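The values are calculated or read from the model by the stated rules, or taken from the named source; none is laboratory data. Being a predicted model, the structure only gives us computed values, none of them experimental. Cβ atoms come from the backbone with ideal geometry, glycine included; neighbour counts cover every protein chain shown. For accessibility, only protein heavy atoms count, side chains too; no ligands or nucleic acids. Shrake-Rupley method; radii C 1.70, N 1.55, O 1.52, S 1.80 Å.
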Amino acid sequence: MTTPDTPLLPNYFAGRWQTGHGHGTTLRDAVTGESLVRVDNTGLNLHEGFVFAREHGGAALRALSYGQRAAMLGEVVKVLQANRDAYYDIATRNSGTTTKDSAVDIDGGIFTLGYYAKQGEALGDAKCLLDGERIRMGKDPVFQTQHVLNPTRGVALFINAFNFPSWGLWEKAAPALLSGVPVIVKPATATAWLTQRMVEDVVKAGVLPEGALSVICGSSAHLMDQLQPFDVVSFTGSAETARIIRSHPAVAQRSVRCNIEADSLNSALLDPSATVDSEAFKLMVSEVVREMTVKSGQKCTAIRRIFVPLELFDDAAEAISAKLVKVTVGNPRNEGVRMGALVSQEQKRSVLHGIEALCHEALVLFDGSEVPLVDADPEASACVAPTLLGHRDPGQAKVLHEVEVFGPVATLMAYEDEDEAWDLVRRGEGSLVASIYSEDPAFIARAAAELADSHGRVHAISPDVAASQTGHGNVMPMSLHGGPGRAGGGEELGGLRALGFYHRRTAVQASSAALDALAATATTLKY
Ligand code: NAP
């Protein structure tokens, strides 16, 4: 039930706080179902907001150097750090996450901003970037070409997914603002509160120029219609919505640059020479359990398919299940709980439906739903227990390689030899990440060479890096994030590589003297 006094969150759009004129959509506590806040943008003048961001935000940001904008990101970090407690409170209620899981989103976002603040500082007083060296175009060196990168004179629209209301904003906003491009964020409705609150704190602190950062919550209707040729759009979400974004006239006819991060059937692959007592086996088991349960499996990078040699199938099933049975599921406010809820009843229905679909092909190896929830009502809460499925001959399966169940669910699959392993991993048709578990550097190198073209990231875990490896599913800002094929074909982060999306590359062909003058206001982009 929505009580009439459920607060309606304002949007920050066109340089002012504006509430929608409709009834709005209610956001709920993921565990109790209690109504928290409402979001709405009915009646807002979208054209005005986009023009304001482009004209005021864009101009103000471009007037600054990279170094000045980097310092600005540092100020945003301070504002967010000062308000962290409020963000954790919102995440516990609206996303149903434990403190540890909220940190992945909240502190992950702040860390990424801080990383770009530091990287940007090194770009100093420059106002544009040189891409590589000058290249001679003829015998006479007097006339040369220099590729330059200039911030696009448009706005960056972010249409984000529900699972990372903080990180999903800041991992994109950091490179956009550092580039000098204003941001309009449309968070996913189910968890929009955290994004809205963070933007509110930053806007109120006055650390960004007017129009540099706007937030519009609620319906996405007609947002894409506002996009003009020099704008960019970043979409994170399902493959189905991605298709709508890609075929929108803004992208198809007005050449709006578009980055898509969609769903992904990420893999974990155990070395064929591993044994049940090997370190590689143990490392794989721990990482699989971590990936299945962190944020209740609601991570685009989470392990969905686990490939092990056929002779280790039963041992792997047993070892993973033995750890999963210890995962307490329930109310994240209870200190005994290790895994909280999914974000909503809708997601719970979708995950249960997904498990049913996978079960047409797979066996259930572990079903955590037999263990009672801690401090949570099985009906009212969006809690779903971990489930391990399995298939001994996954080459025969179809759905297991096609359906991403966005929850604490993974499928163990057997392979007979290396070639079959590569083929099976590739059945994901392009994923964000594959992790390899091996003590043999030669196997890791072979796996990386085989799997690199179909993955954005190959993460190799061997005993020597066990303590320092950053995690299969953790997206680090210095490393590329994105994946080909069904993962959307997008690219994000990767250090200063991320700036490329927000800049336009131009070949300036001119005399050496003119290129010297140009270089005086620029710095060479080094990755
Ligand atoms: P979704 O339903 O596709 O929604 C994503 C966003 O698109 C939301 O903000 C949604 O708004 C908006 N939207 C819905 N219909 C739209 C339309 N017709 N035009 C424009 N925008 C529209 O996806 P989701 O369920 O939130 O996210 C889960 C998926 O995201 C998973 O498949 C996951 O793998 C993927 N994901 C990928 C990454 C990555 O980096 N690759 C990261 C996180 C998540 P409303 O919420 O208001 O409907």
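Annotation: region 285-374 has a Kirkwood hydrodynamic radius of 14.3 angstrom, from the mean reciprocal C-alpha pair distance. Each principal axis of the Cα cloud of region 156-209 was taken in turn, and the coordinate range along them, longest first, works out to 29, 21, 14 Å. Taking a ≥ b ≥ c as the square roots of the eigenvalues of the alpha carbon gyration tensor, region 348-408 is prolate, as a/c is not under 1.5 and a/b beats b/c. Shown in residue order for region 429-439 are the 3J(HN,Hα) couplings computed by the Karplus curve 6.51 cos²θ - 1.76 cosθ + 1.60 at θ = phi - 60°: 6, x, 10, 6, 8, 10, 10, 10, 10, 6, 9 Hz (x for Gly and Pro). Evaluated at q = 0.17 Å⁻¹, the base-10 log of the normalised Debye intensity for region 65-183, with identical point scatterers placed on the Cα atoms, takes the values -0.87. Our compactness index for region 356-458, the C-alpha radius of gyration over the empirical 2.2 N^0.38 Å, is 1.28. Relative to the compact-globule estimate of 2.2 N^0.38 Å, the Cα radius of gyration of region 1-61 comes out at 1.42. Each DSSP beta bridge with both residues in the chain is either parallel or antiparallel, and the antiparallel ones are about 35%. When the P(r) of the chain is calculated, the portion above 34 Å amounts to 40% of the C-alpha pairs.
Projecting the Cα atoms of C300, V207, V288 onto the charge dipole of the chain (Cβ charges, centred on the Cα centre) puts V207 farthest toward the positive pole. Here region 1-114 is treated with +1 on each Lys and Arg Cβ and -1 on each Asp and Glu Cβ, and its dipole about the Cα centre works out to around 360 debye. Excluding same-chain neighbours fewer than eight residues apart, the aspartates and glutamates reachable from K204 by a Cα-Cα span under 18 Å are E75, D85. Can you tell me the orientation of helix 66-82 relative to the chain, as the angle in degrees between its alpha-carbon axis and the longest Cα principal axis, to the nearest 10? Approximately 50 degrees, to the nearest ten.
Ordering A421, V405, T275 by the projection of their Cα atoms onto the charge dipole of region 275-422, which places +1 on the Cβ of Lys and Arg and -1 on the Cβ of Asp and Glu, puts V405 at the extreme positive end. The order of T92, T470 by accessible area, most exposed first and with a 1.4 Å probe, is T470, T92. Any chance you could give the angle, 0 to 90 degrees and rounded to 10, that helix 167-179 forms with the longest Cα principal axis of the chain? So the helix axis and the longest Cα principal axis differ by about 20 degrees. Taking the Cα centre of the chain as origin and assigning +1 to Lys and Arg Cβ atoms and -1 to Asp and Glu Cβ atoms, the resulting dipole is close to 2280 debye. Taking the chain as the reference, fit the longest principal axis to its C-alpha atoms, fit the long axis of helix 441-451 to the helix C-alpha atoms, and give the angle between the two in degrees, 0 to 90, nearest 10. Orientation of helix 441-451: about 70 degrees from the principal axis.
Residue by residue, region 320-334 carries 3J(HN,Hα) couplings of 5, 4, 5, 7, 5, 5, 8, 7, 7, 10, x, 6, x, 6, 7 Hz when phi is fed to the Karplus relation 6.51 cos²θ - 1.76 cosθ + 1.60 (θ = phi - 60°); x denotes Gly or Pro. Ranking K323, K299 by solvent-accessible area of protein heavy atoms (1.4 Å probe, all protein chains present), from largest to smallest, gives K323, K299. Dividing the alpha-carbon radius of gyration of region 212-272 by the rule-of-thumb value 2.2 N^0.38 Å gives 1.46. Phi angles of region 249-256 translate, via the Karplus equation with coefficients 6.51, -1.76, 1.60 and θ = phi - 60°, into HN-Hα couplings of x, 4, 7, 6, 10, 9, 6, 5 Hz per residue; Gly and Pro are given as x.
Annotation: M476 carries an accessible surface of approximately 50 Å², with a 1.4 Å probe and no ligand, DNA or RNA atoms counted. Rolling a 1.4 Å probe across the protein heavy atoms gives region 281-388 an accessible surface of 41 Å² per residue.
How big is D for region 416-527, in µm² s⁻¹ as a whole number, if Stokes-Einstein is applied with the Kirkwood radius of its Cα pairs at 4 °C and 1.567 mPa s?
After rounding, the answer is 77 µm²/s.
Residues whose amide H lies under 5 Å from that of C258, counting only those 5 or more places away or on a different chain, are V233; hydrogens are built 1.01 Å from N in the peptide plane.
Would you mind working out the accessible area per residue for region 402-493, using a 1.4 Å probe, and quoting it in Å²?
So region 402-493 comes to 37 Å² accessible per residue, rounded to a whole number.
Quick note on region 85-153: its Rg to Rh ratio, both from C-alpha atoms and Rh being the Kirkwood radius, is 1.36.
Prolate is the label for region 1-160, because a/c, from the alpha-carbon gyration tensor with a ≥ b ≥ c as root eigenvalues, is 1.5 or above and a/b exceeds b/c. For D225, the solvent-accessible surface computed with a 1.4 Å probe is close to 70 Å², ligands and nucleic acids excluded.
Surface composition of the chain: carbon plus sulfur atoms contribute 52% of the solvent-accessible area (1.4 Å probe, protein chains only, all chains present).
Placing unit charges on the Cβ atoms only, positive for Lys and Arg and negative for Asp and Glu, gives region 125-177 a dipole magnitude near 160 debye about its Cα centre.
What's the FRET efficiency of V399 with A71 using the Cβ-Cβ distance as r and R₀ = 41 Å, to the nearest 0.05? Working shown, then result.
Numbers: r = 50 Å, r/R0 = 1.23.
So, using R0 = 41 Å, E works out to roughly 0.20.
Using a 1.4 Å probe, what is the accessible area per residue for region 5-115, in Å²? Could the numbers behind the result be given before it?
On the way: 4300 Å² over 111 residues.
Accessible area per residue, region 5-115: 39 Å².
Based on DSSP H segments of at least four residues, each scored -39500 (n - 2.57), the chain has a per-residue ellipticity at 222 nm of -9500 deg cm²/dmol.
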